[in-house]
Amino acid sequence: MRRYFGRKLLIYGLTFFVAATINWMIPRFMPGDPVQSLLSRHQVAPEAVPHLIAYYNALFGLDQPLWQQYLNFWGSLLNGDLGRSVYQSGRPVTEVILAALPYTLGLLIPAILLSWWAGNKFGAIAARRRYLDNAVLPIGYILSAAPYMWLAIMVAWILGSVLRIFPISGGYSYALEPSLTWAFAVDLFAHWVMPFLSLFMVMFGGWAIGMRNMIIYELDADYSRYLDALGAPSGLVRRYAFRNAVLPQVTGLALQLGVIVAGALVTEIVFSYPGLGKLLLAAVQNEDYFLLQGIFLFVIIGTLIANFLVDIAYVLLDPRTRVGMSGGSA
Amino acid sequence: MTALAGPIPKAGESVGRAREVRYFVLRSRKILISAVILAVFLVLAVLGPALRPGDPNAFVGPLGAPPSSEWWFGTTTFGQDVFAQFLYGLGSTFLVGLAGGGIAALIGVTVGFVAGYRGGITDEVLNMLTNIVLVIPTIALLVVVTAFFKARGIVVEAAFIGLTSWPWAARAIRAQTFSLNAREFVDLARISGVPSWRVIFGEIAPNMSSYLFMTFILLFGGSILIAASLDFIGLGPTAGVSLGLMMYNSVAWSALQLGMWWWFVPPGVAITAIVGALYVMNVGLDEIFNPRLRES
């Protein structure tokens, strides 16, 4: 088990190192000069340009040798300094991102956990009821094939625009100030429902189909047949099948994290929900590269932490990994 | 459909297998329905430029008109023909899927074969690389890389998608190669001095051709979805049309609040139908190649 976690941590450490290095390399080796494009966005008198270029190069440390720049980058990164956001008038990037992070996490964590739980339960039930199965399969495929933002758009259009049940955009009403009151909590919740619902639905379809297929496969396995032949109650057989079928679903959760994060980002854009997705769109539109790279690093760190949590869950669920046998290939 | 038959049949047994596959393909409702859906959209995409010649972004019609006999899918807030954009967008969607899925399949297959066949230290290194790319969220990587590209075309977008979405395929193919590697006929080829690449492409690959084809189908669908998300963040092709870009524009110009459903419903329906058809086709093929899954 120590070897299992050691290996995982090595991979995650390397991944972080590679991701951070990519982050450092891209603006420096890509065609085009970030300082130039920064200046071209503001109208600057032509005679001032060389001075400004020198100023910015010194500010960002671009006049130092590359290895020195690279060390500086790690130094400031480990101090939590990700630069300053141009579009948020020079606020530190870390501060801007930390302000948006609770919204994204508040959306993602419940959506992931609830859809995983409900999808697995539902898929397991559907696997043994023909009429449910016939309904679940097509709906599941449609849901899991729908692009996240399109489902979000449809939810926003039907529930928000046509039926007018929930507010379409924002994290809370502009009329309210964030505070610890009932009115604000209710308002926050009303704005949360639709983005949550659309994320939940897309993921739910995928988990339900996966579980249904796994259960059918497991019920066909030798151990299930043997139990059946022994005359074990079908509830018991199904419980064993469920325990085995849930393992690939845990692995699947780790594999899906990237897609889920992408889905959350675009869903937030649809609803103008004030999380990382909306911030990302603003960073792209304003060519705010520090902010963009900061979001990239936060997404990477978040995904790595989530991966590690999934690894722990896998060990808890699969006793084979605990006694050092094979099995945990998550 | 020809790819289903796998490698060119050699002896009587292979012909029998090809015939068997054809027999089940023609009787599989899943495959037929999904093939028809894909064919309809493909025909629309190919005929698109002929049906609606000219620039799909041109301002040709009334502003924000609902669908009518003249403007089948209505017009945008600026008087662009949604149907024209839809047709051209379908073309880019298929292109992104084909190119992105193709590149990803190529890398995944190569890495998977080499890692699975060589084993040892090569496998360790490639596996580490695969795991690293696997953990990094594709979209985050694509966002940083594409944001620094000033002029982006659909092909560049597809190439980036292909370069980042191969890891799971590599892992699956590696596992398959491992299990085939232990078979006698592979050992026989190896000890009779056949070069590695011929063992891989002559002995191992044909035995998992169905698997490779299904991997490509899934990568195809995945590329389409990733491209749509990327377009929606505003990092899609800088010139031209795509289905993701249509959704981006409709949301950016408050089509939701204005109730202009004809602007954002068609592109989403098309993507969902294409990707869904690919998934269902994958399941249908799985049932053919894996007799245990066939419906009784």
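The values are calculated or read from the model by the stated rules, or taken from the named source; none is laboratory data. Predicted, not measured: the structure shown is a model, and the values here were computed from it. All Cβ positions, even for glycine, are placed from backbone atoms using ideal geometry, and neighbour counts span all protein chains on display. These area figures cover heavy atoms from the full protein model, side chains too; ligands, DNA and RNA do not enter into them. Shrake-Rupley method; radii C 1.70, N 1.55, O 1.52, S 1.80 Å.
Scaled against 2.2 N^0.38 Å for its residue count N, the alpha carbon radius of gyration of the range A:99-164 is 1.40. Considering only alpha-carbon pairs that sit under 8 angstrom and 6 or more positions apart, the relative contact order computed for chain B is 25 percent. Which pairs in the list A:Lys8/B:Lys30; A:Lys8/A:Lys121; A:Lys278/B:Lys30 are over 31 Å apart, alpha-carbon to alpha-carbon? In this structure, A:Lys8/B:Lys30; A:Lys278/B:Lys30 lie more than 31 Å apart at Cα.
Would you list, by chain and number, the aspartates and glutamates whose Cα falls below 19 Å from the Cα of B:Lys150, excluding same-chain residues fewer than 8 positions away? By straight Cα distance, B:Lys150 reaches A:Asp33, A:Glu287, A:Asp288, B:Asp231.
If only the Cβ of Lys and Arg carry +1 and only the Cβ of Asp and Glu carry -1, the dipole of the range A:101-325 around its Cα centre is close to 800 debye. Given the options A:Leu227, A:Met211, A:Ala283, identify the residue whose Cα lies farthest towards the positive end of the charge dipole of the range A:194-330 (+1 on Cβ of Lys, Arg; -1 on Cβ of Asp, Glu). My answer, from the dipole projection, is A:Leu227. Out of every Cα-Cα pair that chain B contains, those further apart than 26 angstrom amount to 53 percent. Sparsely packed loop sites in the range A:201-245 (the chymotrypsin sites (Phe, Trp or Tyr not before Pro) outside DSSP H, G, I, E and B with at most 16 other Cβ atoms within 10 Å) do not occur. Solvent-accessible area of the protein assembly as shown (1.4 angstrom probe, protein heavy atoms only): carbon and sulfur portion equals 67 percent. Placing +1 on each Lys and Arg Cβ and -1 on each Asp and Glu Cβ, with no other charges, gives chain B a dipole about its Cα centre of roughly 560 debye. The residues of chain B expose, per residue, 45 Å² of accessible area to a 1.4 Å probe. Only one residue of A:Tyr103, A:Phe16, A:Pro319 has its Cα farthest out toward the positive end of the dipole of chain A, where Lys and Arg carry +1 and Asp and Glu -1 on Cβ, and that residue is A:Pro319. Per residue of peptide B:276-285, the mean number of Cβ atoms on other chains within 10 Å of the residue Cβ is 3.
Counting every pair of alpha carbons in the protein assembly as shown, the share spaced more than 42 Å apart comes to 28 percent.
Between 0 and 90 degrees, the angle of helix B:29-51 with respect to the longest Cα principal axis of chain B falls at about 50 degrees. The helix-based estimate of mean residue ellipticity at 222 nm for chain A, built from -39,500 (n - 2.57) per DSSP H run of four or more residues and divided by its residue count, is -25500 deg cm²/dmol to the nearest 500.
Taking square-rooted eigenvalues a ≥ b ≥ c of the alpha carbon gyration tensor, is chain A rounded, prolate or oblate, where a/c under 1.5 means rounded and, failing that, a/b exceeding b/c means prolate? It comes out oblate by the Cα gyration axes. Between B:Ser196 and B:Ala50, what's the calculated FRET efficiency when r is the beta-carbon distance and R0 is 41 Å? Round to 0.05. After rounding, the FRET efficiency stands at 0.30.
Note on A:Arg225/B:Ser179: beta-carbon distance plugged into 1/(1 + (r/R0)^6) with R0 of 22 Å gives a FRET efficiency of 0.40. Which angle from 0 to 90°, rounded to the nearest 10, does the C-alpha axis of helix B:138-147 make with the longest principal axis of chain B? That works out to roughly 60 degrees.
Measuring nothing but how far apart in sequence close Cα pairs (under 8 Å, 6+ apart) lie, relative to its length, the range A:101-325 scores a relative contact order of 28 percent. FRET efficiency for the pair B:Ser68 and B:Ala239, taken as 1/(1 + (r/R0)^6) with r the Cβ-Cβ distance and R0 = 22 Å, rounds to 0.15. Counting only protein heavy atoms and rolling a 1.4 Å probe, how much accessible area do A and B lose on contact, total for both sides, in Å² to 100? Roughly 4300 Å² of accessible surface disappears when A and B pair.
Each Lys and Arg Cβ is given +1 and each Asp and Glu Cβ -1; about its Cα centre, the protein assembly as shown then shows a dipole of about 1740 debye. Take the alpha carbon atoms of the range B:56-131, find their center, do the same for the range A:224-258, and report the distance between the two centers in whole angstrom. Centre-to-centre (Cα) distance: 36 Å.
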